[in-house]
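Here the structure is laid out as structure tokens; the discussion comes afterwards.
The values are calculated or read from the model by the stated rules, or taken from the named source; none is laboratory data. A quick note: this is a predicted structure, and the numbers were derived from the prediction, not measured. In this analysis, Cβ positions are derived from the backbone assuming ideal geometry, glycine residues included, and neighbour counts consider all displayed protein chains.
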Amino acid sequence: MLKETITKDRTTRRWEDYVVPQRWESFTSEDHSVWDLLFARQVELLGTRVVSPFLDGIDLLRLSHPGVPDVEGLNAILEPRTGWRTVAVPGLVPDDIFFAMLSERVFPVGNFIRTREQLDYLEAPDCFHDMFGHIPMLAHHDYAEMTRHVGELGVAAIAAEQGHKAARLYWHSVEFGLAKEQGELKILGAGLASSFGEAHFSLESDEVERLPFSVEKAVNTPYKHDGFQPRYLLSRSLERTIDEVLALTAERLLAL
Ligand SMILES: [Fe+2]
């Protein structure tokens, strides 16, 4: 009975129902200062420890402009480039809604920012994580297409009641992936790129495993959603991750 209700909910609810106005004008000067502080220290911390398209995306999208970005300003640059756009949401959205958004080239960003007291600890992703961590890579054509494909795989996996497979694939690539770039270890995932503590930890700690990335490995590797990861998947290159994920069909994902 419960299962039937959930299935019905999933088929009737629409991702559009989760979208709220960003109300950029309601961000306070303190909110904008928090963004500026987070932005400045993260850019300094990352240096070149992140794949280069991420840094290109920061420039292209003018994310260094002071203050919390407004979604319309971001979309004016992003949408003509890769077809992606951002929408504001009040917090985490359910997995089926999230993957449905990705499948239509829509990225949800929180309509709030952490406080100065919470700089390093967040219960739910805020607009700094979402906009700084995720949006720069969506200006990269192939990566943007890979993310849309992950959304499509997620929709299919959830319909088959195997959503965890798509969630793991997403987690070990888009959120917490590492990749080599010209022989050097770099951050790929948004969760690492936007984290003050975990960015260096993921690259430099001796206490974690860094296992070779493959879609099979990603789908079969559990993750931790509350705390640093005990292991990261390291791809031979960003391009390799993109090619492997794009080649993955829903049928094969479900069989893994
Ligand atoms: Fe994220």
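See the values below:
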quantity	calculated
Filter result (among the hydroxyl-bearing types (Ser, Thr, Tyr) and touching a residue at least 60 places away in the same chain (Cβ under 8 Å)) within the stretch 49-100	52, 82
Given (1) buried (at least 21 other Cβ atoms within 10 Å of the Cβ); (2) of a type outside the set (A, V, I, L, M, F, W, C); (3) at pLDDT below 95, index of the condition residue 186 fails	(3)
Residue 107, sole failed condition from (1) within 16 Å of the ligand (Cβ to nearest atom); (2) closer than 27 Å to residue 186 by Cα; (3) surrounded by fewer than 20 Cβ atoms within 10 Å (Cβ to Cβ)	(3)
Count - residues of the stretch 209-249 that are over 19 Å from residue 186 (Cα atoms) and not in a helix (DSSP H, G or I)	10
Whichever residue in the stretch 5-62 is modelled with pLDDT under 95 and part of a helix (DSSP H, G or I) and, among such residues, is nearest to the chain's Cα centre (by Cα)	10
Single unsatisfied condition, residue 122 versus (1) more than 21 Å from residue 39 (Cα to Cα); (2) without any contact (Cβ under 8 Å) to a residue 12 or more places away in the chain; (3) within 15 Å of the ligand (Cβ to nearest atom)	(1)
Residue list for the stretch 180-215, filter: under 15 Å from the mean Cα position of the chain (by Cα) and either under 19 Å from residue 242 (Cβ atoms) or more than 13 Å from the ligand (Cβ to nearest atom) (or both)	187, 188, 189, 190, 191, 192, 193, 199
Test: residue in the stretch 77-85 that is aromatic (Phe, Trp, Tyr), away from the ligand (no atom under 13 Å from the Cβ), surrounded by fewer than 19 Cβ atoms within 10 Å (Cβ to Cβ) and not in a helix (DSSP H, G or I)	no
Criterion (within 16 Å of the ligand (Cβ to nearest atom), modelled with pLDDT of 95 or more and more than 15 Å from the chain's Cα centre (by Cα)) met by exactly one of 135, 113	113
Residue list for the stretch 174-183, restricted to those being within 17 Å of residue 131 (Cα to Cα), in contact (Cβ under 8 Å) with a residue 24 or more places away in the chain and either in a helix (DSSP H, G or I) or of a type in the set (A, V, I, L, M) (or both)	174
